[in-house]
Amino acid sequence: MNFRKMLFSACLLLLACTTVSAEALKIGLNYPQTGRYKDQGLQQRLGAFLAVDEINDAGGVMGRPLELVIRNTRGEPARGAENTAEMIDRDGVKMVFGGVSSAVAIASGKAAKDRDRLYFGTLTYSNATTGSEGHSHMFREPYNAWMTAKALSQYLSQNHNDEKYFYITADYTWGWSVEESVRKFSETEDTDAHPGVKTPFPRALISDFRDALEKAAASDAKVLMMVLFGDDMVRALNVAYEMGITEEMQVVVPNLTLGMARQVGPTIMEGIVGGSPWVWNVPYELNYPRGKEFVEAFSKRYEMRPSTAAASAYSIVYQYKDAVERAGTTNSRKLIGALEGHRYTFLKDEQYWREFDHQNVQTVYVVKVKPRNTIVADEYSSDYFNIIDSMPGDEAAQTREEWETRRRKAGKPLAL
């Protein structure tokens, strides 16, 4: 009897030692801790850490604990690529994700591919990310500019048909993609009838936004398309409010996040229209249980509501875990096969990783900011968004033929 007890205790001790000593599975988060997109970067970090802690509390990935390695891109493409290389070469990460600027995500993804590692774009909306610059190792979790524009244009054509538009666009790859796509689907490609200006990126000044807004005010346009993101959108919208433009024109922010709305505040944001792949009230209004669990866990832990960026990072960590367990390995080639065509339901309705371009195909939402009193009534003063329209992912996304046309134009092969 004593021998059996001793043997049982030894087995328990051996099991405990094995669990503790299991080699960590490292993944790298490449996000802006500083710069004009830092708020969106922080949300990614919070979402990623929540996912890692939940997964580790549940036993890790195939018995291995996840370890998150982080780097600051500062919103700079070269720094993003350097970080990615360093995390893979020095820290031994098996996958990298992150990015807010599409230029950063594209540069980082190429560095990952050179080292045979997957890169998941967390907040990158330029069509190029999974289009002309797409490759076998890049997977984009959120929607792209094309999908945003198509859903927004459906709403705008029903509510602002035949009205004049004015575009204020950040002068870089994401801004160009969004403006081109919105013009296409809203039938405002005539730049004489629907003028616009570009603002410098990444170092636009308040004076740049004021000059652009003065031109918008003088244009007699009824729809102001503000193709700006992060702190740039925040600063420009504050100026627009001071100038009275938000009272005279329907302001549309194609990629609208909770973080940006909170920075501007409920008074100025009221009535702004935008697109989003996910907002925190979607799971409650449309009854997605796993989405509710995420919102409640995030809100309790951080005492704030999660934004799109947090949801994207959180989802990517879980998607990577799922792919590793289905493939039974961290080998990148086998993970690519496990992800391509994979359908799943997580924080919203069904999504899938499209095989030919690695774009995540999912429902696109059009939202409008609620009145101030409704927003502040929320426990965390964050009930910003009314869901006013939506479009199924397959309807919003480029067809294969449309994607191949872009690839040919860019001189790229028609397979990743």
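Amide hydrogen proximity for LEU25: with H placed 1.01 Å from N in the peptide plane, the residues at 5 or more positions away or on another chain lying under 5 Å are LEU66, GLU67. Taking GluC sites (Glu not before Pro) across the range 218-307, the ones in a DSSP loop with at most 14 further Cβ atoms lying within 10 angstrom of their Cβ are GLU303.
Run a plain Debye calculation on the range 244-305 (Cα atoms as equal point scatterers, no solvent) and give log10 I(q)/I(0) at q = 0.15, 0.20, 0.27 Å⁻¹, rounded to two decimals, same order as the q list. Debye output, listed in q order: -0.57, -0.88, -1.17.
Please give the FRET efficiency for GLU340 paired with THR191, using the beta carbon to beta carbon distance and R0 = 51 Å, rounded to the nearest 0.05. Could you put the intermediate results ahead of the total?
Values: r = 39 Å, r/R0 = 0.76.
Once rounded, the FRET efficiency stands at 0.85.
Applying the criteria of a DSSP loop state and at most 14 other Cβ atoms within 10 Å to the trypsin sites (Lys or Arg not before Pro) of the range 73-104 yields ARG90. Under 5 Å from the amide H of MET95 lie the amide H atoms of GLY28, each residue being 5 or more positions distant or on a separate chain, with H modelled from the backbone and absent for Pro and chain starts. Rolling a 1.4 Å probe over the protein heavy atoms gives the chain an accessible area of 41 Å² per residue.
Centroid-to-centroid, using Cα positions, the range 224-239 and the range 19-87 are 28 Å apart. Excluding same-chain neighbours fewer than eight residues apart, the lysines reachable from LYS113 by a Cα-Cα span under 23 Å are LYS26, LYS94, LYS321, LYS334, LYS409, LYS412.
Converting the Cα gyration tensor eigenvalues of the range 57-101 into ellipsoid dimensions via √(5λ) gives semi-axes, longest first, of 25, 12, 7 Å. Averaging Cα coordinates gives a centre for the range 283-308 and one for the range 331-379; these two points are 14 Å apart. Database remark: amide H of PHE385 closer than 5 angstrom to the amide H of LYS370 (H placed geometrically; neighbours at sequence offset of 5 or more, or on other chains; Pro and chain starts carry no H). For the range 299-305, 3J(HN,Hα) computed residue by residue from phi via the Karplus equation (6.51, -1.76, 1.60; θ = phi - 60°) reads 5, 5, 6, 10, 6, 7, 7 Hz, glycine and proline entered as x.
Take every Cα pair under 8 Å whose residues are at least 6 apart in sequence, average their separation, divide by the length of the chain, and the relative contact order is 16 percent.
Taking Cα centre as origin and charging only the Cβ of basic (Lys, Arg, +1) and acidic (Asp, Glu, -1) residues, the dipole magnitude of the chain rounds to 1560 debye.
Comparing MET138, SER332, TYR302 along the charge dipole axis of the chain, the residue lying farthest to the positive side is SER332, per the Cβ-charge model.
Per residue, how big is the convex hull around the C-alpha atoms of the chain? Give it to me in cubic angstrom, could you? Show your work: numbers first, answer last.
On the way: hull volume 59.3 nm³, N = 416.
Expressed per residue, the convex hull around the Cα atoms of the chain is 142 Å³.
Could you estimate the translational diffusion coefficient of the range 115-207 from the Stokes-Einstein equation, with Rh from the Kirkwood formula over C-alpha pairs, at 4 °C and 1.567 mPa s, in whole µm²/s? The estimated diffusion coefficient comes to 88 µm²/s. By a 1.4 Å probe calculation restricted to protein chains, LYS368 has an accessible surface near 70 Å², given to the nearest 10. Quick one: net charge around HIS137, please, counting Lys, Arg +1 and Asp, Glu -1 for every other residue with C-beta under 11 Å from its C-beta. Result for the local shell: +3. Count Lys and Arg as plus one, Asp and Glu as minus one, and take only other residues whose Cβ is under 13 Å from that of ALA204; the net charge is then 0. Size estimate for the range 63-156 follows the Kirkwood approach: the inverse of mean 1/r over distinct Cα pairs works out to 13.7 Å.
As an exercise, identify the GluC sites (Glu not before Pro) in the range 335-416 lying in DSSP coil whose Cβ has no more than 10 other Cβ atoms within 10 Å. If you can, show how the numbers build up before the last one.
Numbers: sites: GLU340, GLU350, GLU355, GLU379, GLU395, GLU401, GLU402, GLU404; in loops: GLU340, GLU350, GLU355, GLU379.
The qualifying sites are GLU379.
Partners of LYS215 within straight-line reach, counting lysines whose Cα lies under 23 Å from its Cα and excluding those fewer than 8 residues away in the same chain: LYS164, LYS184, LYS198.
Send over the per residue convex hull volume for the range 189-312, Cα only, as a whole number of Å³.
Values: hull volume 16.3 nm³, N = 124.
Roughly 131 Å³ of hull volume per residue.
Applying the Karplus relation 6.51 cos²θ - 1.76 cosθ + 1.60 with θ = phi - 60° to the range 156-166 yields 3J(HN,Hα) values of 5, 5, 7, 10, 9, 5, 6, 8, 7, 10, 9 Hz, where x marks Gly and Pro. Across the range 399-416, rounded Karplus estimates of 3J(HN,Hα) from the backbone phi angles (6.51 cos²θ - 1.76 cosθ + 1.60, θ = phi - 60°) give 6, 4, 4, 5, 5, 5, 4, 5, 5, 4, 4, 8, x, 9, x, 8, 9, 5 Hz, Gly and Pro being marked x.
The values are calculated or read from the model by the stated rules, or taken from the named source; none is laboratory data. Predicted, not measured: the structure shown is a model, and the values here were computed from it. Note that we place each Cβ from the backbone using ideal geometry, even for glycine, and neighbour counts take in every protein chain shown. Heads up: the accessible areas ignore ligands, DNA and RNA and are worked out on the full protein's heavy atoms, side chains in. Shrake-Rupley method; radii C 1.70, N 1.55, O 1.52, S 1.80 Å.
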